[in-house]
Every structure is written in C-alpha cells, then in structure tokens.
1. Pick from the stretch 21-45 the residues that are charged (D, E, K, R) and outside any strand (DSSP E or B): which of them is most open to solvent (accessible area, probe 1.4 Å)?
2. Among the residues of the stretch 5-18, is there at least one that is free of Cβ contacts under 8 Å to residues at least 24 places away in the same chain, open to solvent by 20 Å² or more (accessible area, probe 1.4 Å), in contact with a strand residue (DSSP E or B) (Cβ under 9 Å, 6 or more places away or on another chain) and of a type in the set (S, T, N, Q)?
3. Give me the residue from the stretch 50-88 that is more than 20 Å from T8 (Cβ to Cβ) and open to solvent by 80 Å² or more (accessible area, probe 1.4 Å) and, out of that set, modelled with the highest pLDDT.
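The values are calculated or read from the model by the stated rules, or taken from the named source; none is laboratory data. Everything numeric in this text was worked out from a predicted model, so none of it was measured. When we count neighbours, we look across all protein chains shown, and the Cβ atoms used for this are built from the backbone with ideal geometry, even at glycine. Surface areas here come from the heavy atoms of the whole protein model, side chains and all, with no ligands, DNA or RNA. Shrake-Rupley method; radii C 1.70, N 1.55, O 1.52, S 1.80 Å.
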Amino acid sequence: MDGPVTITVVENPERGRFEARDEAGELAGVITYQVTGPIVAFTHTEVDPRFERQEIGDALARAVMDDARGRNRTVVPMCPLLSEWLDGHKEYDKLVARSTRRIK
C-alpha cells in the first residue's frame, strides 16, 4: 500500500467482530469478540499484511474501546495487541478488567 489510507471500522455482530475497511471497502483487519452480559472479551486481532504500518490495529482498538464505553461494558483484553495498546491508553483503564493473579 502506498501512503496512508482512510479506514472505517464497523461492527459485524453476525460474525462476532469489528471490521476495518479502506475507502474501497476492502477488508484491512478485524478484531473478534464475545459478549456475556455487560462483559466483552476481545479475543483476536488480525491485520491483512497489505495494510501493515497503516495503524489498522490502532483504529480497531480505539473503535472497540469507544464502543464498549458507549455501551457501559467491561472489557477483557484477551488479545495481545489490544492489551498492549491499552498499556499506552490509560484513558480507558476504568473499562478494563485486568487480573493481577499469576499462573504458576
């Protein structure tokens, strides 16, 4: 991909995921989730290699966290990408359920 692309993130509840698409509607990346009551667990993020370095993961993370905030959901970040992203975005801390327990 040459130059920055404009990305739109929309929820696809039938597939249990949020999808990032470029201006042409091409799928650039997804983040999958499972909802149980007021809790949403984000399980996996995948970005198409053709869209690497286009901040697709950032766009997906921000969109899902804003969505969770709007729905008053507690987020369980099972996906390493989202978990790492949240480390740098403390404005979402109140939404996140983080375990302090360690497995031996």
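1. Step one: of the stretch 21-45, the residues charged (D, E, K, R) are 21-23, 26.
Applying the additional criterion that residues be outside any strand (DSSP E or B) yields 22-23, 26.
Details: D22: 19, E23: 123, E26: 70 Å².
Per the stated criteria, the residue is E23.
2. Checking the stretch 5-18: at least one residue is free of Cβ contacts under 8 Å to residues at least 24 places away in the same chain, open to solvent by 20 Å² or more (accessible area, probe 1.4 Å), in contact with a strand residue (DSSP E or B) (Cβ under 9 Å, 6 or more places away or on another chain) and of a type in the set (S, T, N, Q).
3. Residues of the stretch 50-88 more than 20 Å from T8 (Cβ to Cβ): 72-80, 83-84, 86-88.
With the extra rule that they be open to solvent by 80 Å² or more (accessible area, probe 1.4 Å), the set shrinks to 72, 78, 80, 84, 87.
Values: N72: 97, M78: 94, P80: 93, E84: 94, D87: 94.
Checking each candidate, the answer is N72.
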